[in-house]
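Step one of this worksheet: look at the structure below.
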Amino acid sequence: MSDRRHFLKLLGLSLLATQLTAANKRLSPLPILKPPRLKVGDTVAVVSPASMIFKHELKYVNLVLGQQKFKVKVGTHALDRYGYLAGKDRDRAADINAMFADDEVKALVATTGGWGSSRILPLLDYDLIRKNPKIIIGYSDITALLLAIYARSGLVTFHGPFGTSTWNKFSVGYLKSILFEGKAMTLQPPPNIVETITSGKARGRLVGGNLSVLTAMVGSNFLPDWRGKILFVEDIREDVYRVDRMLTHLSLAGILQQLNGFVFARCTRCLDEEDNFPTLTLWQVLLDIIRPLGIPAWYGTAIGHIRDKFTVPLGVEVEIDASRGTIKMLESAVF
């Protein structure tokens, strides 16, 4: 019996060591890899990693990308339908892998968000992506792709307009400055929208995206090492108690405690109350959960489900100022 207990103890220690090794391997950050900058006349791939789109939406995507002087290459399965998804998981993933492997393609633009990107994460070829670094851009559900590709390949990815977004002067201006000109921009929000949670400045690599999508990925091996990061989040049409639940989950998972800084960019059409039912405000939730961290933090900037949006690079070194609400890139995001 004692031999059996000894064996089980050794087995348990062996399994624990294996798990710790796997965890450390998962958390070990890869060297940062920057994609080449864009040029007028480059070929841009249009892919649908998440929800389905209609033909008239794809026509709009081709139009707005053509207005930016891109040549457009549409993914084989961009118009597929499988329920609410843009085709089967294997086909949506195959389009992304194919576009990274295609020497003609210089960037990938997601058509829309919705839901579905997380389903294809195990099917992406991250070694292929690292060997063929390219710009990939989108937001909302595309957050899953941006975080996973950054975490698993080290490639800088971009939170910004997808194909069906409003490509207005504000959004296109930041996109071109960062992706074409390679400028290290300071992302300065519009006046009077910054609400400082905790003042101060901090530096770190910038990561983030849609809060709901990010939170649903916690526990997977498709998220980056959080140590010393600046985290930005945004969301849309969420009751305050849901935002409370998601931020609490990030705290319980030990993610918030590892950060150097925090930005809640925007919660678009999020509700403070429903049918006069007692509630906290979003601001109270931020004070309860974020202020005790003691790190520079604020609410309000041009990121997320809004018409005028920044192009935000994930993986670059930045400095934030929580009093002014600025995100200052300390390096170019492309080469």
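So which strands (runs of 3 or more DSSP E) are wholly in segment 100-208 and hold at least 3 residues that are open to solvent by less than 20 Å² (accessible area, probe 1.4 Å) and in contact (Cβ under 8 Å) with a residue 24 or more places away in the chain? Working first, answer last.
On the way: elements: 105-110, 135-138, 157-159, 195-198.
Here the list reads 105-110, 135-138, 157-159.
What number goes with the only condition from (1) in a loop (DSSP other than H, G, I, E, B); (2) under 20 Å from Leu155 (Cβ atoms); (3) open to solvent by 60 Å² or more (accessible area, probe 1.4 Å); (4) out of contact with any Leu (no Cβ under 7 Å at 6 or more places or on another chain) that Pro36 does not pass?
(3)
Please list, ordered by residue number, the strands (runs of 3 or more DSSP E) wholly in segment 232-325 having 3 or more residues that are open to solvent by 10 Å² or more (accessible area, probe 1.4 Å).
Working: elements: 261-268, 297-299, 312-314, 317-321.
It comes to 261-268, 317-321.
Just checking, which of Asp91, Asp3 is modelled with pLDDT under 95 and either assigned to a helix (DSSP H, G or I) or in contact with a helix residue (DSSP H, G or I) (Cβ under 8 Å, 6 or more places away or on another chain) (or both)? Break it down stepwise before answering.
Working: Asp91 fails: modelled with pLDDT under 95.
Every option except Asp3 fails the conditions.
Answer yes or no as to whether Pro278 is modelled with pLDDT of 95 or more and farther than 29 Å from Glu181 by Cα. Break it down stepwise before answering.
Numbers: modelled with pLDDT of 95 or more: no; farther than 29 Å from Glu181 by Cα: yes.
It is false that Pro278 is modelled with pLDDT of 95 or more and farther than 29 Å from Glu181 by Cα.
Which number in (1) touching a helix residue (DSSP H, G or I) at 6+ places or on another chain (Cβ under 8 Å); (2) open to solvent by less than 20 Å² (accessible area, probe 1.4 Å); (3) more than 20 Å from Leu155 (Cβ to Cβ) marks the one condition that Val47 misses?
Condition (3) is where Val47 drops out.
Take segment 209-231 and flag every residue that is of a type in the set (Gly, Ala, Ser) and assigned to a strand (DSSP E or B).
In the first step, residues of segment 209-231 are kept if they are of a type in the set (Gly, Ala, Ser); the result is 209, 212, 216, 219-220, 228.
Within segment 209-231, just Gly209 meets the criteria.
The values are calculated or read from the model by the stated rules, or taken from the named source; none is laboratory data. From a predicted model like this one, the values you see are computed outputs, not experimental measurements. Quick reminder, even Gly has a Cβ in these numbers, built from the backbone with ideal geometry, and neighbours come from all protein chains shown. Please note that ligands, DNA and RNA were not included when accessible areas were found on the heavy atoms of the full protein model with its side chains. Shrake-Rupley method; radii C 1.70, N 1.55, O 1.52, S 1.80 Å.
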